[in-house]
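Colleague: My structure is below; once you've seen it, I'll send some questions.
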Amino acid sequence: MSETKLSVWQAMQAKGYSRREFLRFCSFAAAAAGIHASGVTSVVHALEKKPRPPVVWLHFQECTCCSESFIRSSHPIVSDVIFDYLSLDYTETLQAAAGAQAEQCMHDTMKNYPGEYILLVEGSVPTNDGGIHCTIAGRTAEDILQEAAKDAAAVIAWGSCASNGCIQAANPNPTGATPIHEIISKPVIKVPGCPPIGDVMTAVVTHILVYGRMPELDGQGRPKEFYGRRVHDTCYRRPYYDAGLFVEAWDDEKARKGYCLYKMGCRGPVTYNACSVTRWNEGTSYPIQSGHGCIGCSENGFWDNGPFYQHLASFPGFGIETTADTVGTVVGLAATAGVAAHAISTNIRKKHLIDQQIEEANGDEKNAEGGKA
């Protein structure tokens, strides 16, 4: 049996992992992919029996933060996932081969496993000036992408660069940076973020391997399991927003108390991602927890949507069931009317309660005096 055709379990056995460790890994993979506990058996069967899918991982206009995020997923043996869980046949960042040898690996995979390999794409594709702004082995990024996507079983756009163009596509976009789905004529699974969460990346591939199909996607092509709710809906600072308690300046007393960062430009209310639930670096933290507002990096056009430290226009009080399919996620800039109105209404309610309590207290005093008389 060739190395490419080994199952995950067989590859882990070869590295000395025990059956117990394999089952723990399956449980982690199932949980990360949002698979119910009752479905763990299916995950075990898939990783035990199915051959590892060949993978071609392309890098274009990007900073490699997606790769960095992926290899820092939270499971203790996840550093081996890219070699045990996948048959990573080509990636400029992690492979040992270089030059003609590396290019041969990619072409052999596409030739020998048509309709079987998974194509992972990191980075946007430049289209201006004949695509000369990103070339590999004398070929443009667009040419390479078209060839690799043609016979891929699934195409995944890693990060915001591949999903929506990201910083490279910011005005005036001199290189003509273009997201993957606008280049190829087949479905693309978008996993945006700058970078996306490593565990989310692992989970998306898990779903494809276990079920042999793409996960359920929202209207923008993102997996609903991880992009179905706003960061705001699950943020631990949400109660402070509801109470009208906001940070007014970096490192003020309110910031030290952990109040809501909305006034400081936090885009959590209009950003769909799993940041506040899954988090980064073994579930340790995420930007808002570290004291910085969300910049909305998983949303299309976030780089051109005004200063990061100026809050967005007011928005309705959507419930946590609201998704990107039913609510537009591109919200323009406005003055402070939205948050001011929220704070004013909150303070009016508070003042009304205080006045009511004062009246009740005065009434009790009068009744007490009348009783003495």
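The values are calculated or read from the model by the stated rules, or taken from the named source; none is laboratory data. Just so you know, these numbers come straight off a predicted model, no measurement behind them. Note: ideal-geometry Cβ built from the backbone for every residue, glycine included; neighbour counts use all protein chains shown.
Colleague: If I filter region 278-305 down to residues being under 11 Å from the mean Cα position of the chain (by Cα) and not in a loop (DSSP other than H, G, I, E, B), which single residue comes out as nearest to residue 68 (Cα to Cα)?
Modeller: Here is the first cut: in region 278-305, the ones under 11 Å from the mean Cα position of the chain (by Cα) are 278-280, 296-299.
Add one more test, that the residue is not in a loop (DSSP other than H, G, I, E, B), and what stays is 278, 280.
Working: 278: 17, 280: 11 Å.
This residue is 280.
Colleague: Evaluate region 32-46: report whether one residue or more is of a type in the set (Ser, Thr, Tyr), more than 30 Å from residue 228 (Cα to Cα) and either modelled with pLDDT of 80 or more or touching a Gly at 6+ places or on another chain (Cβ under 9 Å) (or both).
Modeller: No - not one qualifying residue is present in region 32-46.
Colleague: Please go through region 247-279 and pick out each residue that is hydroxyl-bearing (Ser, Thr, Tyr), within 18 Å of residue 305 (Cβ to Cβ) and in contact (Cβ under 8 Å) with a residue 60 or more places away in the chain.
Modeller: Of everything in region 247-279, just one residue is hydroxyl-bearing (Ser, Thr, Tyr), within 18 Å of residue 305 (Cβ to Cβ) and in contact (Cβ under 8 Å) with a residue 60 or more places away in the chain, namely 262.
Colleague: I need the full set of residues from region 162-198 which are in contact with a Pro (Cβ under 7 Å, 6 or more places away or on another chain) and polar (S, T, N, Q), in order please.
Modeller: 163, 164, 175
Colleague: Every residue in region 6-53 that is assigned to a helix (DSSP H, G or I) and basic (Lys, Arg), please.
Modeller: 19, 20, 24, 49
Colleague: Determine whether residue 242 is out of contact with any strand residue (DSSP E or B) (no Cβ under 7 Å at 6 or more places or on another chain) and closer than 30 Å to residue 162 by Cβ. If you could, list the steps in order and put the result at the bottom.
Modeller: Details: out of contact with any strand residue (DSSP E or B) (no Cβ under 7 Å at 6 or more places or on another chain): yes; closer than 30 Å to residue 162 by Cβ: no.
For residue 242, the condition - out of contact with any strand residue (DSSP E or B) (no Cβ under 7 Å at 6 or more places or on another chain) and closer than 30 Å to residue 162 by Cβ - is not met.
Colleague: Same structure again: Could you run through region 138-155 and say how many residues are polar (S, T, N, Q) and out of contact with any helix residue (DSSP H, G or I) (no Cβ under 8 Å at 6 or more places or on another chain)?
Modeller: 1
Colleague: Please go through region 77-136 and pick out each residue that is modelled with pLDDT under 90, acidic (Asp, Glu) and either over 28 Å from residue 212 (Cα atoms) or touching a His at 6+ places or on another chain (Cβ under 7 Å) (or both).
Modeller: Correct list: 92 only.
Colleague: What are the residues in region 244-259 that are small (Gly, Ala, Ser) and buried (at least 16 other Cβ atoms within 10 Å of the Cβ), if any?
Modeller: Hits for region 244-259 are 244, 255.
Colleague: Cβ-Cβ below 6 Å, separation at least six or inter-chain, first residue in region 14-29 and buried (at least 17 other Cβ atoms within 10 Å of the Cβ), second assigned to a helix (DSSP H, G or I): which pairs?
Modeller: Pairs found: 22/9; 22/12; 26/43; 26/44; 26/47; 29/43; 29/206.
Colleague: Would you mind finding the one in 146, 168 that is among the polar types (S, T, N, Q) and either assigned to a loop (DSSP other than H, G, I, E, B) or farther than 30 Å from residue 268 by Cβ (or both)?
Modeller: 146
Colleague: Would you confirm whether any residue within region 223-235 is surrounded by 18 or more Cβ atoms within 10 Å (Cβ to Cβ), under 20 Å from the mean Cα position of the chain (by Cα), at pLDDT below 95 and farther than 25 Å from residue 65 by Cβ?
Modeller: yes
Colleague: Does any residue of region 206-221 turn out to be modelled with pLDDT under 90, under 21 Å from residue 146 (Cα atoms) and either in the same structural domain as residue 44 (by TED's automatic domain parsing) or surrounded by fewer than 24 Cβ atoms within 10 Å (Cβ to Cβ) (or both)?
Modeller: For region 206-221, residues modelled with pLDDT under 90, under 21 Å from residue 146 (Cα atoms) and either in the same structural domain as residue 44 (by TED's automatic domain parsing) or surrounded by fewer than 24 Cβ atoms within 10 Å (Cβ to Cβ) (or both): present.
Colleague: Which one of the conditions (1) part of a strand (DSSP E or B); (2) touching a residue at least 40 places away in the same chain (Cβ under 8 Å) does residue 181 fail to meet, given that it meets all the rest?
Modeller: Failed condition: (1).
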